[in-house]
Amino acid sequence: MAVSVDIDYRRSGSLKGGIACRPQERYGHSAGTVGGKLYLWAGGSKHVPPVHTSADKEQLMAKTEIFSLKNGRWERHHTRGSSHCGISYYAIAVVDESIYYFGGQCGHGTCYYNTLTKLDTVEMKWKDVQTNLVGIPMKKYSCGMVSFQCDGDTYLFLFGGIGEVDESEQVPGATYIVSSTNPKICRTNEHHIISTTTNKWTIPQIEGDCPPALSGLTLTAIGGNRAILFGGYESGKGKSNAVYVAELTKDVVTWKRYDAPPDAQWPVGRSDHSATLLTGHAGRQPHPLLVIGGGIDVAGGLLADCWILNTSDMTWTKIDAPASDIGRTLFSMSIMNIGAPYVWLILFGGATKWEKGLSTKDQGVTASTTVIELGWNQESQQWRYTSTIALNDYQQALKDKLSERKKLPAEK
């Protein structure tokens, strides 16, 4: 999960107490963007002890790696307080200078969370969100969460996922598909909304083309109280490639579904991919563009493609990025607006190899940070792949692009 950002030089320097580092390999993580920095916390890996709690696990969970968009450097920071959520496959949403985390896997057995917590990126401190105890989401992972504004308040919208729920706790009207391999586990299309002021979960009214029960999806806020859902695993039907657009209010979620027209260029169904948003001046168009990449296809194969969705007419454009760069799953992808006519996609971690029958931690999990540059082609009026930037060349490449931007004529 990530958003498009312009570099904020007031906050993009080093935070106090940081230690230069390169993060360890991981999967099932997300990176939140705040003030010119990417905040990377936890994720699954062979380094995570398969226990509910231990000193080693607590030490891992007390670290947050921060990537500076200004200089391309990673620093490790210790956080205060406790992060009461799963260590991997959690959902995140950014609200001002805080990153909210929901749910996730604990890392042992079928232990999942339905707690909401937030990281204050100014104080680098975890704060529990004390919510109501009735009408709350099930314990789950691989769901989606976005923030939105309504009537002067900020809300979080939570959708889908997979986990455990008692029949007495199921949301009326929601779908719960029991796993074929474990009767205690089910996939869902639960909808929940919470106010960040009152911290009360509510169940909204659903209208339009409600999505099915999905996990491994991406849910991306696109502005104007809208969000786009793409992909995910649907029980009995495989991997989805439908696009769902949600109109959000504090009480009602209205969905509209878009399927691939005949002979249209359209990405295949997938799950456990990543998505981010290209907006405003960086998007070269007045409407937002959704960028998706990677994931696992219906046959269980690793995908190595990148696509941009024009949200005004729901048309897709394939980006010919190298398979060695974009071919991964369970990774984070963020976007950096460095000014016309370029943007950088920043990918971290995930599995770059995928073999059926192996546990995720035994797949080809990487610790690489990959920076993919996209350039705007004025003639074709489309984005295209231009280069992959090594971290050692990051600062010079950024300096060159900013210098190039200054030489460009002002746009009318």
Go through the stretch 336-356 and report how many residues are in contact with a helix residue (DSSP H, G or I) (Cβ under 8 Å, 6 or more places away or on another chain) and not polar (S, T, N, Q). 7
Would you confirm, using the coordinates I've provided, whether T110 is more than 18 Å from A227 (Cβ to Cβ) and within 18 Å of the chain's Cα centre (by Cα)? no
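Would you confirm whether or not the stretch 134-155 contains a residue that is among the polar types (S, T, N, Q), under 22 Å from G238 (Cα atoms) and surrounded by fewer than 23 Cβ atoms within 10 Å (Cβ to Cβ)? Reasoning before the result, please.
In the first step, residues of the stretch 134-155 are kept if they are among the polar types (S, T, N, Q); the result is 142, 147, 149, 154.
Checking the rest, the ones that are also under 22 Å from G238 (Cα atoms) come to 142.
If we keep only those that are surrounded by fewer than 23 Cβ atoms within 10 Å (Cβ to Cβ) as well, we get none.
No, the conditions are met nowhere in the stretch 134-155.
If you check S54 against the conditions, is it within 24 Å of L158 (Cα to Cα) and of a type in the set (S, T, Y)?
Criteria not met by S54.
Yes/no per residue for (1) modelled with pLDDT under 90; (2) within 18 Å of the chain's Cα centre (by Cα); (3) crowded, with 16+ Cβ neighbours inside 10 Å:
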residue: A351; (1), (2), (3): no, yes, yes
residue: E355; (1), (2), (3): no, no, no
residue: K361; (1), (2), (3): yes, no, yes
residue: A367; (1), (2), (3): no, yes, no
residue: V371; (1), (2), (3): no, yes, yes
residue: L374; (1), (2), (3): no, no, yes
residue: N377; (1), (2), (3): yes, no, no
residue: A390; (1), (2), (3): no, no, no
residue: D393; (1), (2), (3): no, no, no
Log entry, pairs with first residue in the stretch 59-83 being free of Cβ contacts under 8 Å to residues at least 24 places away in the same chain and under 28 Å from Y112 (Cα atoms), second being of a type in the set (S, T, N, Q) and outside any strand (DSSP E or B), beta carbons closer than 6 Å, six or more apart or on different chains, reads A62/T79
Would you pick out the residues in the stretch 309-337 that are touching a strand residue (DSSP E or B) at 6+ places or on another chain (Cβ under 8 Å), surrounded by fewer than 21 Cβ atoms within 10 Å (Cβ to Cβ) and among the aliphatic types (A, V, I, L, M)? M314, I319
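Give the residues of the stretch 168-214 that are among the charged types (D, E, K, R) and in a loop (DSSP other than H, G, I, E, B), sorted by residue number.
Taking the stretch 168-214 and keeping what is among the charged types (D, E, K, R), we get 169, 184, 187, 190, 200, 207, 209.
Residues satisfying the conditions are K184, E190, K200, D209.
Of everything in the stretch 31-64, what is in contact with an Asp or Glu (Cβ under 7 Å, 6 or more places away or on another chain) and surrounded by 23 or more Cβ atoms within 10 Å (Cβ to Cβ)? Give them in sequence order. Reasoning before the result, please.
Looking only at the stretch 31-64, we keep the residues that are in contact with an Asp or Glu (Cβ under 7 Å, 6 or more places away or on another chain), and these are 34-36, 40, 45, 49.
Selection gives L40 alone.
Just the residues that are in contact (Cβ under 8 Å) with a residue 40 or more places away in the chain and more than 25 Å from Y89 (Cβ to Cβ), please, taken from the stretch 290-320. Full working, then the answer.
Taking the stretch 290-320 first, the residues in contact (Cβ under 8 Å) with a residue 40 or more places away in the chain are 290-298, 300-302, 306-309, 311, 314-320.
Those that are in contact (Cβ under 8 Å) with a residue 40 or more places away in the chain and more than 25 Å from Y89 (Cβ to Cβ): I308, T311, M314, T315, W316, T317, K318, I319, D320.
Which one of T311, T369, T386 is among the β-branched types (V, I, T) and touching a helix residue (DSSP H, G or I) at 6+ places or on another chain (Cβ under 7 Å)?
Values: T311 fails: touching a helix residue (DSSP H, G or I) at 6+ places or on another chain (Cβ under 7 Å); T386 fails: touching a helix residue (DSSP H, G or I) at 6+ places or on another chain (Cβ under 7 Å).
Selected residue: T369, the only one of T311, T369, T386 that is among the β-branched types (V, I, T) and touching a helix residue (DSSP H, G or I) at 6+ places or on another chain (Cβ under 7 Å).
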Name the pairs whose Cβ atoms lie under 7 Å apart, with the first residue in the stretch 250-264 and surrounded by fewer than 16 Cβ atoms within 10 Å (Cβ to Cβ), the second in a strand (DSSP E or B) and among the polar types (S, T, N, Q), and 6 or more positions between them or separate chains? D251/Q205; V252/Q205
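On the given criteria, is G269 out of contact with any Phe, Trp or Tyr (no Cβ under 6 Å at 6 or more places or on another chain), outside any helix (DSSP H, G or I) and buried (at least 16 other Cβ atoms within 10 Å of the Cβ)?
Values: out of contact with any Phe, Trp or Tyr (no Cβ under 6 Å at 6 or more places or on another chain): yes; outside any helix (DSSP H, G or I): yes; buried (at least 16 other Cβ atoms within 10 Å of the Cβ): yes.
When the stated conditions are applied, G269 passes them.
The values are calculated or read from the model by the stated rules, or taken from the named source; none is laboratory data. Remember, it's a predicted structure, so these values are computed and weren't measured experimentally. Neighbour counts are summed over all protein chains in view; Cβ atoms, including those assigned to glycine, are modelled from backbone coordinates with ideal geometry.
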